[in-house]
Amino acid sequence: MGLRTRIIVFFVVAFGIANLGLCFYITHQVKTLELEKLQTQIDKSAYLMRRVNTLPLYNVDMESLKLNMETFFDDENIKSLSIHDSEVNININLIRQLPPGGIDIKKSFVIDYKGLTLGRLTVVYSTGLIEQKLAKYQAKMLLITALVMVVIAVGFSMLIHILTNPVANLARVTTDIAAGDFDSEVVQTGVGEVKTLSRNFALMCNTIKKQKEEIASAYKRIEDEISHKNRQKREMVHHQQLTSCVNTFIKKSLTAQSMQDVAQIFIPVAQDLIPGPYCFVGQICDAENNLKIIALSDKAEKECPRADEFGIYQGFRQHVSGRLHQAITTKIPVISNNVSLCSEFSLIPGKHLPIDTIMAVPVLQDQEVFGLVVFAGKDAGYTPEDQTLATMMVLFLGATLNLRRREEENQRLANMLAFSGITKEGFVLEDVSRLLDQALELASGEYGTNQDFHFSGIQIIRDFYPDLPKVKCRAGELKQVFFNILSNGAYALAGHTDNPCPTFFLRTYGKDDQVCIEIRDNGPGMSENIRRRIFEPLFSTKPDKEDAGLGLSVAYFIITKNHNGTIEVESTPGEGTCFRIFLPF
């Protein structure tokens, strides 16, 4: 029961008790007065009856006696009235039926005259009517009291509501605040001290709310700082782990004899950084979304049926689709911690490795996708931190595989060169301008046997520096380089039918401690993708030609490995191509 209800009940009950007490007190006083009045009336009536009835009784006047008796009997409070004289045989009795209850008051006295006893008069008064009237009066008083109590209760309730509503609102707000809710609005109502209390309480709530917000903001800043420090700590630990793993991988990869060895060394090192039972390295091998598996983790190799069937060192293909293929096409790592949601895993055979989580990271070489490194089977699932660490590790894997590939290509170029007999000459001082002219004559002589080289229709513009120092070189190898460049240029000019005047610009000059040979044409030029791969072995834009893709790779090897020089190419589609060769004096 609330305070307001208790106040209303208390005052109503107290007022009711007071009114009931007052009602009963008034009724009692009225009764007392009525009884006293009745007693006075009885005394007066008895005196009058005595005086009035003396002579008729003395004269034995029955008519007068009866008339007097009936006259007095008109008093409604008289229950019975009788006069009796045995000597003269007078016996008059009047009786009235009155309501039950009340008290009978009996008066009996002798009537005498001049010392002579005439008779006895007896009168009985009853308080029944007075009691009945008092009962009705009391009922009316109670009814009026009840109505007054109802009116007072309603009015008092409204008054109490008006007076206590602000306090009730404050109580509600304090309950909300005790429960931690500071958003409840304090209604500033009431009068006097209550209004002042409401206003002060509202100010207090706003102050507490602001302090709470400031504390929450401070806690948030502290949590952010702790989170930031923890993140920095984790990043530092991961950086140290990454650095250690990278150093271990680089040291071990120095002993690798093949790209497959590099991949096999990479897997256990990467698994120390990113725990998980399964990992493999695959190389894109065709356009049918297949990967050639070149290395497997030990657990994957033991549990993979295909590894037992084909042998990992013989290599086998794995078809990729869905998220794995997405990693190849977008060059962005992908994570799937619930492979059941990936459609490409819905048809996995029963003998397949029990893979629930997977992370695929593309291996890049010169911005092109070489293949994929796939981690699988981590119980807790892969995280963005795992992705970051794996991406960094795979960057080093791609660079190491690329280096190993170039070394293998250089080794192949060195068998081919040895087989062709190019490296048999010794180094002597030569005039590179004269060697360039000799290579041009050699290329022009091909016109009779190869109709693609239209040297007779190509304009030659020379700009040779007259006092250019000689360089120590193998003349045959340099002429082979110049020949290959000129042959490729002539092939390009022949296919560029929109060019009205195909031209070679040949220039030699000195720069710092080097001699520069520049061979430039006004042919169709090359795209950036082709330019970047122009020195790769077996890469060619004319695949139908015999030995296509070997000429420029051999030229690159001769200049960079045999002569400690550099060779570079500039080309823009529609604006021609320029080769520059730099050789030390």
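The values are calculated or read from the model by the stated rules, or taken from the named source; none is laboratory data. This structure is a prediction, so every number in the text was calculated from the model and none was measured. Backbone-built Cβ (ideal geometry, glycine too); neighbour counts: all protein chains shown. The accessibility values were calculated without ligands, DNA or RNA, using every heavy atom of the protein model including side chains. Shrake-Rupley method; radii C 1.70, N 1.55, O 1.52, S 1.80 Å.
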What pairs come up if the first residue lies in the stretch 354-371 and is over 16 Å from residue 392 (Cβ atoms), the second is open to solvent by 30 Å² or more (accessible area, probe 1.4 Å) and in a loop (DSSP other than H, G, I, E, B), and their beta carbons are under 7 Å apart, counting only those six or more places apart or on different chains? 357/337; 357/378; 369/331
Modelled with pLDDT of 80 or more, open to solvent by 30 Å² or more (accessible area, probe 1.4 Å) and more than 60 Å from the chain's Cα centre (by Cα), is that true of residue 104? yes
Quick one: in the stretch 434-476, which of the residues that are touching a Pro at 6+ places or on another chain (Cβ under 9 Å) and crowded, with 17+ Cβ neighbours inside 10 Å is modelled with the highest pLDDT? 471
Restricting attention to helices (runs of 4 or more DSSP H) lying wholly within the stretch 1-89, give those where 2 or more residues are open to solvent by 60 Å² or more (accessible area, probe 1.4 Å) and among the acidic types (Asp, Glu). 3-52, 62-73
Here are 27, 71: which of them is farther than 18 Å from residue 149 by Cβ, more than 60 Å from the chain's Cα centre (by Cα) and of a type in the set (Val, Ile, Thr)? 71
Taking the stretch 234-252, which residues are open to solvent by 70 Å² or more (accessible area, probe 1.4 Å) and farther than 18 Å from residue 264 by Cα? 234, 235, 236, 239, 240, 241
Which one is most open to solvent (accessible area, probe 1.4 Å), of the residues in the stretch 366-385 that are modelled with pLDDT of 80 or more and within 30 Å of residue 530 (Cα to Cα)? 368
Restricting attention to the stretch 90-117, report how many residues are among the hydrophobic types (A, V, I, L, M, F, W, C), part of a strand (DSSP E or B) and under 21 Å from residue 43 (Cβ atoms). 5
Tell me which residues, restricted to the stretch 243-260, are part of a helix (DSSP H, G or I) and either free of Cβ contacts under 8 Å to residues at least 40 places away in the same chain or in contact with a Pro (Cβ under 7 Å, 6 or more places away or on another chain) (or both). 243, 244, 247, 248, 251, 252
Residue 346 versus (1) surrounded by fewer than 19 Cβ atoms within 10 Å (Cβ to Cβ); (2) at pLDDT 75 or above: which is the lone unmet condition? (2)
Please verify whether residue 94 is touching a residue at least 12 places away in the same chain (Cβ under 8 Å), farther than 30 Å from residue 133 by Cα and crowded, with 16+ Cβ neighbours inside 10 Å, treating the condition exactly as stated. no
If you check residue 266 against the conditions, is it at pLDDT 85 or above and either under 24 Å from residue 358 (Cα atoms) or open to solvent by less than 20 Å² (accessible area, probe 1.4 Å) (or both)? yes
Just one of the numbered conditions (1) of a type in the set (Val, Ile, Thr); (2) closer than 22 Å to residue 63 by Cβ; (3) in contact with a helix residue (DSSP H, G or I) (Cβ under 9 Å, 6 or more places away or on another chain) is not true of residue 95; which one? (3)
Restrict the check to the stretch 116-131 and report whether at least one residue is open to solvent by 30 Å² or more (accessible area, probe 1.4 Å) and under 30 Å from residue 17 (Cβ atoms). yes
With respect to residue 271, is the statement that it is in contact with a Cys (Cβ under 9 Å, 6 or more places away or on another chain), modelled with pLDDT of 80 or more and either outside any helix (DSSP H, G or I) or on the phi < 0 side of the Ramachandran plot (or both) true? yes
Boolean, residue 52 is at pLDDT below 80, hydrophobic (A, V, I, L, M, F, W, C) and at negative phi: yes
Please name all residue pairs, on different chains or six or more residues apart, with Cβ atoms under 6 Å, provided the first residue is in the stretch 223-240 and is over 20 Å from residue 390 (Cβ atoms) and the second residue is open to solvent by less than 100 Å² (accessible area, probe 1.4 Å). none
